[in-house]
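Structure first, then comments.
The values are calculated or read from the model by the stated rules, or taken from the named source; none is laboratory data. The model shown is predicted, which means the values in this text are computed figures rather than measured ones. For neighbour counting, all protein chains shown are included, and Cβ atoms are generated from backbone atoms with ideal geometry for every residue, glycine included. Each accessible area value is taken on the protein alone, full model and side chains, heavy atoms only, with ligands, DNA and RNA left out. Shrake-Rupley method; radii C 1.70, N 1.55, O 1.52, S 1.80 Å.
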Protein chains: 4
Amino acid sequence: MTFGSVFSGLWAAFGLRNSDARSSGNPSSGARARLRDLGIRIGRLPTGPHNAITDVRGVRVGHKTNISGSGKLVVGTGPVRTGVTVILPSSGNVYKEKLPVGAFILNGNGELTGLVNLLNGGLLETPIFLTGTANVGIVYDAALTHLLRENPEIGVTGRVPVPVVGECWDSLGDIQGRHLSEDDVLGAIAGATDGPVEEGAVGGGTGMRSYGFKSGIGTSSRMIPANRGGYTVGVLVNANHGSRHLLRVDGVRVGEELLRYPEDEPEKSKSIIIVAATDAPLLPIQLNRLCKRLALGLAKTGSVSTHGSGDLFLAFSTVPRDEKSDVLWTGENVVSSLWEAASEATEEAILNALTASPTMDGADGSIRYGLPLDRLTEIMKKHNRL
Amino acid sequence: MTFGSVFSGLWAAFGLRNSDARSSGNPSSGARARLRDLGIRIGRLPTGPHNAITDVRGVRVGHKTNISGSGKLVVGTGPVRTGVTVILPSSGNVYKEKLPVGAFILNGNGELTGLVNLLNGGLLETPIFLTGTANVGIVYDAALTHLLRENPEIGVTGRVPVPVVGECWDSLGDIQGRHLSEDDVLGAIAGATDGPVEEGAVGGGTGMRSYGFKSGIGTSSRMIPANRGGYTVGVLVNANHGSRHLLRVDGVRVGEELLRYPEDEPEKSKSIIIVAATDAPLLPIQLNRLCKRLALGLAKTGSVSTHGSGDLFLAFSTVPRDEKSDVLWTGENVVSSLWEAASEATEEAILNALTASPTMDGADGSIRYGLPLDRLTEIMKKHNRL
Amino acid sequence: MTFGSVFSGLWAAFGLRNSDARSSGNPSSGARARLRDLGIRIGRLPTGPHNAITDVRGVRVGHKTNISGSGKLVVGTGPVRTGVTVILPSSGNVYKEKLPVGAFILNGNGELTGLVNLLNGGLLETPIFLTGTANVGIVYDAALTHLLRENPEIGVTGRVPVPVVGECWDSLGDIQGRHLSEDDVLGAIAGATDGPVEEGAVGGGTGMRSYGFKSGIGTSSRMIPANRGGYTVGVLVNANHGSRHLLRVDGVRVGEELLRYPEDEPEKSKSIIIVAATDAPLLPIQLNRLCKRLALGLAKTGSVSTHGSGDLFLAFSTVPRDEKSDVLWTGENVVSSLWEAASEATEEAILNALTASPTMDGADGSIRYGLPLDRLTEIMKKHNRL
Amino acid sequence: MTFGSVFSGLWAAFGLRNSDARSSGNPSSGARARLRDLGIRIGRLPTGPHNAITDVRGVRVGHKTNISGSGKLVVGTGPVRTGVTVILPSSGNVYKEKLPVGAFILNGNGELTGLVNLLNGGLLETPIFLTGTANVGIVYDAALTHLLRENPEIGVTGRVPVPVVGECWDSLGDIQGRHLSEDDVLGAIAGATDGPVEEGAVGGGTGMRSYGFKSGIGTSSRMIPANRGGYTVGVLVNANHGSRHLLRVDGVRVGEELLRYPEDEPEKSKSIIIVAATDAPLLPIQLNRLCKRLALGLAKTGSVSTHGSGDLFLAFSTVPRDEKSDVLWTGENVVSSLWEAASEATEEAILNALTASPTMDGADGSIRYGLPLDRLTEIMKKHNRL
């Protein structure tokens, strides 16, 4: 009996429709849809060409997704539902050509290694990694291996960098088994590309869950008007937060209308990591402030940032810092437009994570349901949004 | 020709309806409506009896509203559109019986005196004052007069406290004239009461403006379930922030549908001060975190917290601190429910400030329009919310 | 009987020497000595020409000192022992040509208005005022008067600035009387000069007390090597902190050796405000870090920053910010040298406040003793430092 | 030829005395002396019985020291000069019985994983690990292994904790080789004991360097008077910071008097991690403030906290938090005494790290010299301190 047939029976039991019933426990299953494919648009600013963080020139994203096994949890064996996502912040060597960076902690019940260093010096010097909670040590160490290969002077004549690794609790599989290797991390880096970004249950988002639905990686971007600089803000999230009743889609209380839709283990979803990139020449103090607007975009999807959440946000500018070059103070109107772009892109990136992520099974027969897209469409129509 | 007749002509010119056309440049005009009077409810938690910050036992609110003159701006003369609002945090002497307090700075382009002291020691020891930007020094000094009268040991054997005074730019009248006296401040304190709180263009909110509409003071409260402690969270805002296109009412993009409704001086509204009270025995570290949820409630009304905004938030617990007594660590589930209550109450308090505030004229013939309630009702119906 | 004769008797009673016995309750009395006049040098970096914050080009300092009356405390009458000191950060109009600024809160039991604004935007836009705790409202309001006169667009077309006013508890006189007027504040501004800075019991430092001795204003400066930019760091303190036993002079435990020297009211001295200026083109994030080094300099004089202390620090760069111009990221070696300069100048500025301040009488016959300079010299000799 | 004979030649070349010439590149060599063994006492408060962090009841410390090889650096082979130190904060299971915690970042150019989590919730839930920069990932992962063994519910029904791992750049050996295993970390935990703590070039301190001398782990403690609660503050440092000319021993400028004493690679020592423990029932907000006093103690040894330093401080209370029990607000006088204790213990712990650490050779024939104890004694005598 295949996963597909198992789920078909479950769908019938819950009165679900087939369109909701894809399993990506099967690694061949891809993302389902982006929010805009459904006709829903967030905000008023235009997106970049890919509506993704990679619309900021030089930014690349790579995933390594580890899915295997099913059924009963056997620690060290599986089922495996984990992975890692990497954001390469520039086309160059970021250790050598560091970038201005800022951060904000909305709720700190989680980990984003390197935050102390980023906030102190205002410079990003490593790629950014997103993974499951139990993999942080592995990814940190693998990231150092990567940095040593690219910069053999590290630890000899050069300072040892602090890799940036953010985690959410990917509670769908065998967490304790830590099913991620150094090669997985190096593979994600090697495979990073610009262009469209795969969303949903991939990479670091493989085991995630938001607002009571299967979730994971989502991305979006916005461009501000040419007379304010024409800059781009791109956002990528690993979304694992929120109770179902809170979910708002473009302001519509979708969560409340889906309270009786089946749901697993509400207490196990908690955190969201949000990363923003921009080609605006912002200073660290301004990037810290931009990160607070990521929280405002998150709030518009309904979040109240619960006690146990690690809601950690980071933003960088791709305008490199050079001791001999200069950095502009960007004007006030430009800044406010960037804030609006950051809020809009975050709101949409989170919803993209939900619409992209199909239903997935996990350990001990648990099922994490994807947001039902046809129900979503119905609700939005009822509220005159479609 | 009376104000009324002037406005009637203006309404006709803009195609406005009479129901929108109340002037509170006339001090006899009161608040118009609360959001719930219109049938709009935010969130799922029940309100306290007054749906106000005064639902937290012991909390009292007083206003002094200074409105006089009209027409051309004459510095030092008028027109006068200013005032002060005071929140007395307990029925006792807060200098002697200090209360746990926390704060959060969403955007710091403003002032809330005492913040440094509150964040350091975690104790509130003075009333909280809300006023126009140019009045801060006057209110600070008057607050000290009040504290000295109640506590003659101050400066002799007792430490001199730092009064808490928050400001927003009440740009409707003669700012430079600073039309507020020590007696006004002492009068606001003397007149503070529990029970219902007057909202809109009163006290510190007299000259305010939010999302392109006349605004001012708003309040709301929430109660969490008995099995999580049955605590109350009350919120009071002085709202002077946001561009019109951003306004969301219960998630509906009301601002976008009212872009052509008349509006004055968009660049002059900036800040919001939010104060929360609770009878939950929270520690300062937890009250800091509660304040971040005030930002999440603000975001749900549409804000992106623009560059020039002073978005400063403060929360206190009415469970007094006593060196000899004890303070509980409140459990995690309780805390998350309080976060939800704080977000809901903030969202509604801001909308109450808008629905309460009538159109008001200002210096040099400017007119600040109240949110048109009949148009609001129509829009909410169109989106199937009423 | 004159003050002088009163004190002569007291000195005899305590076995003190005449050289310690100057009273500056008499306003004609000036500073006694600078630390270097005694042959004591702090650190290894050279000072600027005046060994003062005014060595940073464009910085000016003004004092208004209010001393009158003696004997029994009569609230509203005296004795008066208060004042205000102003630092004008540039020779231009700082509201129009704002300067990069940073801050650090070592212990926040005090007030420095505007801190929230400075930390948010990283720009200083008003002079910096130092005064007694009870005068903050008066000085804040007077500062606004000054700003309005220089910038009539404020509150009409321009944003209302937040003046920067730092306080310490000048407990020697009639605090409650708030013996400072708007004219006093405007006079301090009008009288501000570059060149040598008067130290000790003047201006905002009139009623202060540090390490159990009469204290007040102190200043110092350092220059870093030409191959690291040749920049200057200037520091000015209003010192009102510390218990006597903690005092260290250039590392020598002078306080412990003067424990039996007479002392008034140890519990009433608490806070220190430290302001640093530099002509290095630092960013706000770097100025925040510079401010932490002011704490390290403070520590070297012995401080443990007690519970009730308001130890609030601020640093600005005189390289103006212009949206169209550029700001350098200053290199790492330069930064570390600036940190050392900041620590050294702070340590010396605090000691200058002590050596400058003569014994002064206060309300109800209290006497605040100046650090006995001949005893200091003896102790330093004993430890082979002179 | 043994290490000893190699060094004897070097000593002769530098005109050094034999008493300075112990090598702990040979793992059998132990600590040399504690500061008090030399007759030097810091401050006025009494120490606990062991003058160590373990004087706080329940606190245990374990080291694993990896030293092997010498001569030319071969990446992956050696020489090996690294290790790990663990602080177990209570005699119980800290994941189950969490402890109040606070932190402070003096300069953030480093890493202390978990800081975000500690600052947010105010609760410590894992042991604290100190290691070399390149080992952070390995130690983090091994710490999770330890926690999983003790708490099998983690990741299944229980939240995955964030281990606390602090690093300094142990630049003496083959950094890139990361010569530390999971077993090493588990061994350090298994071997942790209360009682006296081994200091100097052991555990996480093996490769460290401070003020131009060989350094590493140091510890000290202070007890405050019974009438202020009789509490103990214990401090443990991993010291790897500071330029030689800055070193002050009990205020005496020892560094300046040893400028010509031989020194290796001054640019490679940077950071200091300081951990404090207390049995005073402090709240997180107070523990944050205590951590700032660790910076004041550090400053008294001369530090200016250079640009590249990771000066990260953490403090915990051993009074467990229990949702059902209570936590006292500790009174103000108690707090100030604890601040003084924290400053004193930090100053002495750093100096203990220096006096304990013998000269050690490193990669490529480098030699890191121990602080010459006989020269130290001479200098202190010259300044009338001995």
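Quick notes on this one:
- Test: C:PHE129 is open to solvent by less than 30 Å² (accessible area, probe 1.4 Å), more than 30 Å from A:LEU282 (Cα to Cα) and part of a strand (DSSP E or B): yes
- Cβ-Cβ distances below 7 Å connect the following pairs, each with a first residue in region C:327-356 that is under 18 Å from C:ALA201 (Cβ atoms) and more than 8 Å from every other protein chain (Cβ to nearest Cβ), a second residue that is at pLDDT below 95 and assigned to a loop (DSSP other than H, G, I, E, B), and a separation of six or more residues or different chains: C:THR355/C:ARG32; C:ALA356/C:ALA31; C:ALA356/C:ARG32.
- Matching entry among D:GLU125, D:GLU97, D:GLU111, D:GLU150 (being in contact (Cβ under 8 Å) with a residue 12 or more places away in the chain, of a type in the set (Asp, Glu) and facing chain A (nearest Cβ under 7 Å)): D:GLU111
- A residue that is open to solvent by less than 10 Å² (accessible area, probe 1.4 Å), under 30 Å from B:SER336 (Cα atoms) and among the polar types (S, T, N, Q) can be found somewhere in region A:102-110.
- In the condition set (1) under 19 Å from A:GLY310 (Cβ atoms); (2) of a type in the set (Asp, Glu); (3) open to solvent by 20 Å² or more (accessible area, probe 1.4 Å), A:ASP183 is compliant with all but (1).
Each row is one residue, and each column tells you yes or no for (1) open to solvent by less than 10 Å² (accessible area, probe 1.4 Å); (2) in a strand (DSSP E or B); (3) touching a Lys or Arg at 6+ places or on another chain (Cβ under 8 Å).
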{"site": "A:PRO262", "(1), (2), (3)": "no, no, no"}
{"site": "A:ASN288", "(1), (2), (3)": "no, no, no"}
{"site": "A:LEU294", "(1), (2), (3)": "yes, no, no"}
{"site": "A:ALA299", "(1), (2), (3)": "yes, no, yes"}
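- Every condition in (1) farther than 30 Å from A:PRO281 by Cβ; (2) without any contact (Cβ under 8 Å) to a residue 40 or more places away in the chain holds for A:GLN176 except the one numbered (2).
- Criterion (farther than 30 Å from C:PHE104 by Cα and at pLDDT below 95) met by exactly one of D:LEU88, D:LEU35, D:LEU10: D:LEU10
- Residue within region C:43-51 that is among the hydrophobic types (A, V, I, L, M, F, W, C) and closer than 24 Å to C:CYS168 by Cα present: no
- Test: residue in region D:128-135 that is closer than 30 Å to A:THR82 by Cβ and away from every other protein chain (no Cβ under 14 Å): yes
- Number of residues in region D:220-255 that are farther than 23 Å from C:HIS383 by Cα and in contact with a His (Cβ under 8 Å, 6 or more places away or on another chain) equals 1.
- Scan of region A:331-381 for residues that are among the charged types (D, E, K, R), more than 30 Å from A:VAL74 (Cα to Cα) and open to solvent by less than 10 Å² (accessible area, probe 1.4 Å), ordered by number: A:GLU347, A:GLU348
- Screening region C:215-244 for residues that are in contact (Cβ under 8 Å) with a residue 24 or more places away in the chain and open to solvent by 20 Å² or more (accessible area, probe 1.4 Å) and picking the one that is nearest to the other protein chains (Cβ to nearest Cβ) gives C:SER243.
- The number of residues in region C:182-212 being in contact with a helix residue (DSSP H, G or I) (Cβ under 7 Å, 6 or more places away or on another chain) and either over 21 Å from C:ARG32 (Cα atoms) or of a type in the set (S, T, N, Q) (or both) comes to 6.
- Scanning region A:366-386 for residues that are in a loop (DSSP other than H, G, I, E, B), within 12 Å of A:VAL254 (Cβ to Cβ) and either free of Cβ contacts under 8 Å to residues at least 24 places away in the same chain or of a type in the set (D, E, K, R) (or both) yields a single hit, A:ARG385.
- Test: residue in region A:48-71 that is surrounded by fewer than 24 Cβ atoms within 10 Å (Cβ to Cβ) and among the aliphatic types (A, V, I, L, M): no
- Complete set of residues in region D:301-320 that are open to solvent by less than 10 Å² (accessible area, probe 1.4 Å), in contact with a helix residue (DSSP H, G or I) (Cβ under 6 Å, 6 or more places away or on another chain) and part of a loop (DSSP other than H, G, I, E, B): D:THR301, D:GLY302, D:VAL304
- Filter result for D:ALA188 (more than 21 Å from D:ILE40 (Cα to Cα) and open to solvent by less than 10 Å² (accessible area, probe 1.4 Å)): yes
- For region A:326-365, the set of residues classified as more than 28 Å from C:THR330 (Cβ to Cβ), part of a loop (DSSP other than H, G, I, E, B) and not small (Gly, Ala, Ser) consists of A:PRO358, A:THR359, A:ASP364, listed by residue number.
- Some residue of region A:272-279 being open to solvent by less than 10 Å² (accessible area, probe 1.4 Å) and either within 11 Å of chain B (Cβ to nearest Cβ) or at pLDDT below 95 (or both): no
- Region D:83-98, subset part of a loop (DSSP other than H, G, I, E, B) and under 18 Å from D:ALA52 (Cβ atoms), residue most open to solvent (accessible area, probe 1.4 Å): D:SER91
- Filter result (within 12 Å of the chain's Cα centre (by Cα) and among the polar types (S, T, N, Q)) within region C:337-356: C:THR346, C:ASN352
- Selection count where residues are modelled with pLDDT under 95 and either closer than 23 Å to C:SER271 by Cβ or assigned to a strand (DSSP E or B) (or both), scope region C:134-168: 2
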